Amino acid sequence: MTTPATVFISYAWESDAFRAQVKGLCDYLRANGVAVVVDFDHAIRPPAVGWVVWMQQAIEDAAVVLVVCSASYRARFEKRASRGSGKGVAWEGAVITQDLYNAALRNNKFFPVFPDPFNFNDCPTMLEPRRNGHAFPSKQANILALVQSCIGMSVAPTGSPVELA
């Protein structure tokens, strides 16, 4: 049995509105046939392996990691946020940083995406070379095309992604 290529979404837990926006991106990608791994699937019960192991394995096993950039995410990723805030992003940032270090910064896996309205200054410094103005929901079709190109997924015959209402 072959496991489909997955996309992991890394983001900072901020407001409920922000999390709903990230969930909208997740739902959009799934509606277009992309296998997405995200913490929303564990809203009722934590992963059996625990959060820390789950985050590390999800990043390592994913074909693509979409990094949802925000001021909070960048501060937590770069260890500039106050101690104890955003431990999930701090951990994910460490895993991503180590992976990039091991690959001598050859990056075909980690891509920054931005919630509307976006600010390029919210991108962690080490991911800036992959910054391409992919925002959601305004340009989520571009995010879908990026993911499809990375995982070798063909576009629907109509060429039009499914839009969610």
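Only residues in the stretch 45-58 that are without any contact (Cβ under 8 Å) to a residue 40 or more places away in the chain count as the first member; pair them with residues that are outside any loop (DSSP other than H, G, I, E, B) and surrounded by 15 or more Cβ atoms within 10 Å (Cβ to Cβ), Cβ under 6 angstrom, at least 6 apart or cross-chain, and list the lot. Going by the 6 Å Cβ cut-off, the qualifying pairs are Pro47/Trp54; Gln56/Val95. Among the residues of the stretch 78-104, the one identified as more than 15 Å from the chain's Cα centre (by Cα), closer than 16 Å to Ile59 by Cα and at pLDDT below 80 is Lys87.
Scoring Gly24 on the criteria (1) farther than 21 Å from Lys109 by Cβ; (2) out of contact with any strand residue (DSSP E or B) (no Cβ under 8 Å at 6 or more places or on another chain) leaves a single failure, condition (2). Filter the stretch 122-137 down to residues that are open to solvent by less than 80 Å² (accessible area, probe 1.4 Å) and either at pLDDT 85 or above or outside any helix (DSSP H, G or I) (or both), then give me how many there are. Number satisfying all stated conditions: 8.
Of all residues in the stretch 67-77, those satisfying the criterion of being assigned to a helix (DSSP H, G or I), surrounded by 16 or more Cβ atoms within 10 Å (Cβ to Cβ) and touching a residue at least 24 places away in the same chain (Cβ under 8 Å) are Ser72, Tyr73, Arg74, Arg76, Phe77. Hey, does the stretch 46-58 have a residue that's at pLDDT below 90, farther than 18 Å from Gln21 by Cα and of a type in the set (Phe, Trp, Tyr)? Yes, the stretch 46-58 contains a residue that is at pLDDT below 90, farther than 18 Å from Gln21 by Cα and of a type in the set (Phe, Trp, Tyr). Just one of (1) part of a loop (DSSP other than H, G, I, E, B); (2) more than 20 Å from Asp61 (Cβ to Cβ) fails for Asn107. It is (2). In summary, Val64 fulfils each of the numbered conditions (1) surrounded by 13 or more Cβ atoms within 10 Å (Cβ to Cβ); (2) free of Cβ contacts under 8 Å to residues at least 60 places away in the same chain with the single exception of condition (2). A single entry from Pro112, Pro161 fulfils the requirement of being modelled with pLDDT of 90 or more and open to solvent by less than 70 Å² (accessible area, probe 1.4 Å): Pro112.
Taking the stretch 1-53 as the range and being surrounded by 13 or more Cβ atoms within 10 Å (Cβ to Cβ) and in a loop (DSSP other than H, G, I, E, B) as the test, the residues that pass are Ala5, Tyr11, Ala12, Trp13, Glu14, Asn32, Gly33, Val34, Val38, Pro47. Being open to solvent by 50 Å² or more (accessible area, probe 1.4 Å), under 18 Å from Cys123 (Cβ atoms) and in contact with a Pro (Cβ under 7 Å, 6 or more places away or on another chain): is that true of Arg80 here? When the stated conditions are applied, Arg80 does not pass them.
The values are calculated or read from the model by the stated rules, or taken from the named source; none is laboratory data. Computed from a predicted structure; not experimentally measured. Every residue, glycine among them, receives a Cβ derived from its backbone with ideal geometry; neighbour counts consider all protein chains shown. What goes into the accessible areas is simple: the full protein's heavy atoms, side chains included, and nothing from ligands, DNA or RNA. Shrake-Rupley method; radii C 1.70, N 1.55, O 1.52, S 1.80 Å.
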